[in-house]
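The values are calculated or read from the model by the stated rules, or taken from the named source; none is laboratory data. No experiment lies behind these values; they were computed from the predicted model shown. Cβ atoms come from the backbone with ideal geometry, glycine included; neighbour counts cover every protein chain shown. All accessible areas refer to the heavy atoms of the entire protein, side chains included, with ligands and DNA or RNA removed. Shrake-Rupley method; radii C 1.70, N 1.55, O 1.52, S 1.80 Å.
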Amino acid sequence: MKKKKEISFDLNLIPFIDMLSVCIFFLMLTAVWIQVGSLEIKQGLGGQTEDNKPTPTILTYINSQSDIELSLKDADAPHKATIKAHNGKPNLKNLKLSVTQLVSKTQNLKTALVMPDQKTSYQDMMSVMDVLRKSQISVGIVPL
Amino acid sequence: MLHSHLLEQKNIETMKSSICDIGSPMMGAYHKEKKHLSFDLLLTSLVDAFAILAIFLLANTTSYQQEVEADQNIQLPVVTSAASISEGTLITRTAQGWALDGKPVAMDELVAKLKELKEQGKETEFNLIVQADKNISYEELNPIILASAHAGIESFKFAAVEEGEKK
C-alpha cells in the first residue's frame, strides 16, 4: 500500500524577503533626506495699498558690520535702536527681544522692511528675515 | 513466477544492506542516534519589519511635494522655520551667473523673461524661487530683486534649509 504523501503548507518567505529588501534599498537610495524649504518674502518696492492711514512698519537696516538698526515708520511713538553684532554676525537673540517688545508696544505692527548693506551676506539677511517672520511680521526686502 | 521474482528482490535488498554495513559499520548506529536540530529563522517577524519599513518609505516618497532639487554646489542658507516649496520658476545662482529654470540668463534679458513667464501663468499664482549660496553678498542678489520688481513680481521664495537638516 502506498504511503500518503505529506503536503507542506509552509510559505516560502525567502523570495518575499529578497523582494522587500530590494524595494527598501531602492527607496532608501532614491529618498531625499534634505528637504528644501523656503521663506516667503515680499517685494519692498511698490505694491503699497492706497489706504488712508498708513500702517506702522519696522525699518531694519543691516550695516556692513552686521549691526542692525531698527526704527519705526508711521508709528505714533518714534523708536530707534541699534543691535550690535556678535562675533561679526547679527545678534539674533537681541533682535528677537527688540522685535517682540516693539510688537507688544505698537498697535497694528505687521510689516517690516529689510534693507541689507551691499556687503551683507545672504545668510545674515535670511537669519534676520527669519526672526522677523517668526514674530508674525510680514517681511519685505528693499533693493539697493 | 511471481514468487521467484519476489524472492529475488528480497535477496537484492539483503545484499544492499550487508554492503552498507561492511562499508561503514557505524553508519546504522549513527542514523539511529541522529537528532533533528532545527535551525529555522523566525522569518515572519523579519518580513513584518521589512514590510513596515517599505510602507514608511513609500508613504514618505509619495507625500513629498518638493519640486526643487538642491544643487550640489550650493550651500543653502539655514533658517529656523521654513515653509515647504511648491511649484514655481526657479532662479539659481551658478558659478557662471544666474540660471532661470536651468538655462543661463543674462541680466539685461531677465526682466523681459520674467514678464513673459508671469504672463504665461496668469491664471495661477506666480512663484519665483531663488536658490543661491549662503555666502554670497546682497550686492550679488540685488539684480534679481530689482528685475523682479520691474517685472511686477510681488513676492519671492528664498530656498533654505531648516535648522537641524544642515547640508
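Selection of the stretch A:42-59 for residues being closer than 19 Å to A:I137 by Cβ and either modelled with pLDDT of 85 or more or more than 7 Å from chain B (Cβ to nearest Cβ) (or both) yields A:G44, A:Q48, A:T49, A:D51, A:K53, A:P54, A:T55, A:P56, A:T57, A:I58, A:L59.
Taken as a whole, the stretch A:21-40 holds no residue that is closer than 20 Å to B:I144 by Cα and either at pLDDT 85 or above or assigned to a loop (DSSP other than H, G, I, E, B) (or both). Could you list, in sequence order, all residues of the stretch B:87-96 that are more than 18 Å from B:Q72 (Cβ to Cβ) and open to solvent by less than 50 Å² (accessible area, probe 1.4 Å)? Within the stretch B:87-96, B:G88, B:T89 qualify.
For the stretch A:128-144, how many residues meet the condition of being at the interface with chain B (Cβ under 7 Å from one of its Cβ atoms) and open to solvent by 20 Å² or more (accessible area, probe 1.4 Å)?
Just the residues of the stretch A:128-144 that are at the interface with chain B (Cβ under 7 Å from one of its Cβ atoms), to begin with: A:130, A:134, A:141, A:143-144.
With the extra rule that they be open to solvent by 20 Å² or more (accessible area, probe 1.4 Å), the set shrinks to A:134, A:144.
So the count comes out to 2.
Inclusion of A:D76 among residues that are open to solvent by 30 Å² or more (accessible area, probe 1.4 Å), more than 13 Å from chain B (Cβ to nearest Cβ) and at pLDDT below 80 is warranted. When residues in the stretch B:137-150 are screened for being open to solvent by less than 10 Å² (accessible area, probe 1.4 Å) and more than 34 Å from the chain's Cα centre (by Cα), 4 of them pass. Just so you know, in the stretch B:149-167 the residues that are facing another protein chain (nearest Cβ under 7 Å) and outside any strand (DSSP E or B) include one that is nearest to B:L76 (Cα to Cα), and it is B:K167.
When B:E119 is tested against (1) farther than 22 Å from A:M115 by Cα; (2) part of a helix (DSSP H, G or I); (3) modelled with pLDDT of 85 or more, just one condition goes unmet, and that condition is (3).
Could you tell me which residue of the stretch A:110-126 is modelled with the lowest pLDDT, considering only residues that are within 20 Å of B:S155 (Cβ to Cβ) and either more than 7 Å from chain B (Cβ to nearest Cβ) or open to solvent by 20 Å² or more (accessible area, probe 1.4 Å) (or both)? Per the criteria, the residue is A:K110. Put simply, of B:K134, B:K113 the only residue that is more than 23 Å from A:P116 (Cα to Cα), of a type outside the set (A, V, I, L, M, F, W, C), open to solvent by 30 Å² or more (accessible area, probe 1.4 Å) and touching a residue at least 12 places away in the same chain (Cβ under 8 Å) is B:K113.
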